[in-house]
1. Nearest 10 degrees is fine. How inclined is helix 380-396 to the longest principal axis of the chain, computing both from alpha carbons?
2. Spelling out what I want: for every residue of segment 284-296, take phi, set θ = phi - 60°, compute 6.51 cos²θ - 1.76 cosθ + 1.60 (Karplus), and round to whole Hz; glycine and proline get x.
3. Nearest 500 deg cm²/dmol is fine: what mean residue ellipticity at 222 nm does the chain get from its DSSP H runs of n ≥ 4 alone, each adding -39,500 (n - 2.57), divided by its residue count?
4. Name the residues whose placed amide hydrogens come within less than 5 Å of the amide hydrogen of VAL371, ignoring near sequence neighbours (fewer than 5 apart) on the same chain.
5. If you average the C-alpha positions of segment 142-157 and of segment 337-411 separately, how far apart do those two centres end up, in angstrom?
6. Got a sec to turn the phi values of segment 128-133 into Karplus ³J(HN,Hα) couplings, 6.51 cos²θ - 1.76 cosθ + 1.60 with θ = phi - 60°, whole Hz, x for Gly and Pro?
7. Find the centroid of the Cα atoms in segment 167-229 and in segment 81-130, then give the distance between the two in whole Å.
8. Given springs between every Cα pair under 10 Å in a Gaussian network model of the chain, which of GLU35, GLU208, GLU167 has the largest fluctuation?
Amino acid sequence: MSAPSVVVVGGGLIGLTSALFLRQLGAEVTVLDVESLGSGASRGNAGFFSPTIAAPLAAPGVVWSSLRSLLNPTSPLRIHPKALPGLAGWSIDFMKACTASRFEQARAAMAGLNHDLEPLLTRLEQAGVAVHRSPELLVAVHDQAFADHVFAGLQPMARHGFPMPVEVIDGDAMRALMPALTDHVTAGIVLPADRSVDPRRYVETIIEACRTAGVELLDHHVVTGFDRSAGRVRAVVANGRRFEAEHVVLAAGAGIRPLGRLLDLSIPVVPGQGYNVALPVSDGLRQPVIFEEVHAVATPFTDQIRLGGTMEFAGRHPRFDPRRVEAVVTSLRRYLDLDWDAAHDAWAGSRPMSADGLPLIGRPRRYRNVVVAGGHGMYGLTLAPATAQAVAELVVDGRARADLSAFDPDR
């Protein structure tokens, strides 16, 4: 049987990882990206491989928080009033998903998808991708009761086979692990299954791994249409060229919704803008840490510490709002003793947010040779290997070993 030809639309974390795994299964692969390969949130994220804490944004209590954010431009979760008209249908589905039962079902589905993360990371490493990970992720907390609440909330994840935290430790034990923590931290949790990588290196090395494997990589290619007939896409049209293919994978990140419209597909994914800023490295912060109380994180790389946080819904083309960077810095000053006067490289980028917090992975009923892979939200890096394996199997073998029912793009 001849190798299938595949066009992957989207050169971010999901598209590139899918392209590599498709090529490893023998497919002839072309990747088209509207911007530079691996740009945007692919490079600008916190770098977490976090199977234990991966959970949908749609959670109990979030609706009230989002309503209050309409009047507060520095709220960790922010919905800009101007974005409301474009979020109407998405918001209704989001609110429906914010129940305890649906939250737990979605979290369990994500954990199930990620069950084989370790062997998939080994596979990527063997292909030359930089997945060398940090020490364990820490959760630093001010309020002891909140720490107990977080610890209890993690326990259901034990059934999915991930190594689990043993106990809540006190502030002194946390500072022994991370001296940069201030006395504001009174408790914490060590997450043995969750670690970090430098997403910049991940992207650089997976691009190189794709090239080495023979994937055709084309950036700055704007898809303007599809040649389709009889329930199949025959070619992708970009930059005035036709790219014929037996299969098409839609993995365009935050831009996947308008791409779907070109195929008369409803893909309910909207941009959710995140922000980060860099500080100089510090001997007191050598492993990643998340501050759940203020919805912010700090990740040490070799050349900087990346501070990140916030989720802003501000329309399809959100503008950079420096107040949100300052909000991240202000919230973390209480927790960390760092060189705050040397903050630099403020950045913002859009993450692809589905209404129920679950990615869309699978074949839409309308087309026999199209696979959708989008809506991974804040967990694109964490879910990229498992998503890529499922995409590659769907295309080459006709079915995926993983249970993708919860991720049905037609749901």
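1. 20
2. Karplus-based 3J(HN,Hα) across segment 284-296 equals x, 9, 10, 8, x, 8, 10, 10, 4, 5, 10, 6, 9 Hz.
3. Result for the chain, helices only: -9000 deg cm²/dmol.
4. Under 5 Å from the amide H of VAL371: VAL248, VAL249, LEU250.
5. Rounded to whole Å, the Cα centres lie 27 Å apart.
6. Calculated HN-Hα couplings, in order: x, 7, 7, 10, 5, 9 Hz.
7. One Cα centre to the other: 15 Å.
8. Judging by the Gaussian network model, the answer is GLU167.
Rule-based calculations on the coordinates, nothing more; no lab input. Keep in mind it's a predicted model, so treat the numbers as computed, not measured. All Cβ positions, glycine included, derive from the backbone under ideal geometry; neighbour counts span all protein chains shown.
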